[in-house]
Amino acid sequence: MSRQASGLMAWLIQRATAVYLAFFLVYVLIHFTLNAPADHAALSAWATRPWVALGLMLFVPVLLAHAWVGIRDVLIDYVHALGARIGLMLLFGFVFIASGLWALKAIITAGLGG
């Protein structure tokens, strides 16, 4: 893949994930503003609805992809020392993978994953 195609793919991923994140967060804010759950049982019942559970399960990888493309672009633009850039990319990659695994565990523990 050429650099131009790679840049276009990063741009598309950033925009597509931003759209999903914006729509989902607006939905959650409107829902909780108009119909706030009275207790934990109501929140769990809302979160286990099939479409909401799917939206929540998609939210984590979409958020991580959006964050990765953003931080990668910032590091490429502003960290000029190759060793430092690679080290920081590895650090952020580790943090994002650990966060994704933690979120997956939380989703499975909460009973939303299946």
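A few remarks follow.
- Leading residue by the ranking (nearest to the chain's Cα centre (by Cα)) among those in the stretch 47-56 that are exposed (fewer than 15 other Cβ atoms within 10 Å of the Cβ) and either among the hydrophobic types (A, V, I, L, M, F, W, C) or modelled with pLDDT of 95 or more (or both): L54
- First in the stretch 25-51 and more than 19 Å from L63 (Cβ to Cβ), second anywhere and small (G, A, S), Cβ under 7 Å, 6 or more apart: T48/G111
- The condition of being loosely packed, with under 12 Cβ neighbours inside 10 Å and outside any helix (DSSP H, G or I) holds for only one of A5, A22, A38, that being A38.
- For the stretch 57-114, a residue qualifies if it is over 23 Å from A47 (Cβ atoms), of a type in the set (G, A, S), over 15 Å from the mean Cα position of the chain (by Cα) and not in a loop (DSSP other than H, G, I, E, B), and the qualifying residues are G83, A84, G87.
- Count - residues of the stretch 54-95 that are more than 25 Å from F23 (Cα to Cα) and of a type in the set (F, W, Y): 3
- As for the stretch 9-17, it holds no residue that is in a helix (DSSP H, G or I), under 19 Å from A53 (Cα atoms) and at pLDDT below 90.
- Scanning the stretch 73-90 for residues that are at pLDDT below 95 and either within 22 Å of W102 (Cβ to Cβ) or touching a Lys or Arg at 6+ places or on another chain (Cβ under 8 Å) (or both) gives a single hit, I76.
- Every pair of residues 6+ apart whose Cβ atoms lie under 6 Å, when the first sits in the stretch 66-88 and is at negative phi and surrounded by 14 or more Cβ atoms within 10 Å (Cβ to Cβ) while the second is outside any helix (DSSP H, G or I) and among the hydrophobic types (A, V, I, L, M, F, W, C): R85/V79
The values are calculated or read from the model by the stated rules, or taken from the named source; none is laboratory data. Note that the coordinates shown come from a computational prediction; the quantities given were computed from them, not determined experimentally. All Cβ positions, glycine included, derive from the backbone under ideal geometry; neighbour counts span all protein chains shown.
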